[in-house]
Amino acid sequence: MTLPMPIMVMYLGVVMEAGSSYAIFANPSHPYTRALLSAVLDIDVEGQRERILLKGDTPSPMDPPPGCRFWQRCPSAMRGCATVRAPLVEVEPGHRVACHLVSGFSPQQMAAGWDEPVSPSAGG
């Protein structure tokens, strides 16, 4: 019997997702976690897994972007991601994610268009 190991997925020094290995591998909820897991070799040669290739360059860790540190490379980025860091919210017991896809925006932020998609590496 194997025990679940705690995992913390970080990008430029900020936690994007945290939880047990079981929870994260079964339900990766942050786009960065999904991209990382898509690169893991799999012995299942029958099942084709979609590889997620991130666009753009990694921002400087000395001068990280405001808001979500991953927004410039995120395939699901929205306008609000560029300015407001998502809170780390629990999606299931012991499994937390910092992403606006999970936490959403307030009605006022949505009215201001913060949920509008932006292209990765487009700079907002």
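Values quoted throughout were computed directly from the atomic coordinates according to the rules given, and no laboratory measurement underlies them. These figures come from a predicted structure and were not determined experimentally. Counting neighbours? That spans all protein chains shown, and the Cβs are built from the backbone with ideal geometry, glycine included.
Tabulated data
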| item | result |
| --- | --- |
| Simple spin-label estimate for E116 and R85 in nanometres, 7 Å along Cα-Cβ | 2.6 nm |
| Magnitude of the charge dipole, the range 6-111, Cβ model with Lys/Arg +1 and Asp/Glu -1, debye to 20 | 380 debye |
| Förster-model FRET efficiency, 25 Å R0, A39 and L12, C-beta, rounded to 0.05 | 0.90 |
| Correct choice for Rg/Rh (Cα atoms, Kirkwood Rh) that was computed from the model, options (1) 0.99; (2) 0.91; (3) 0.96 | (1) |
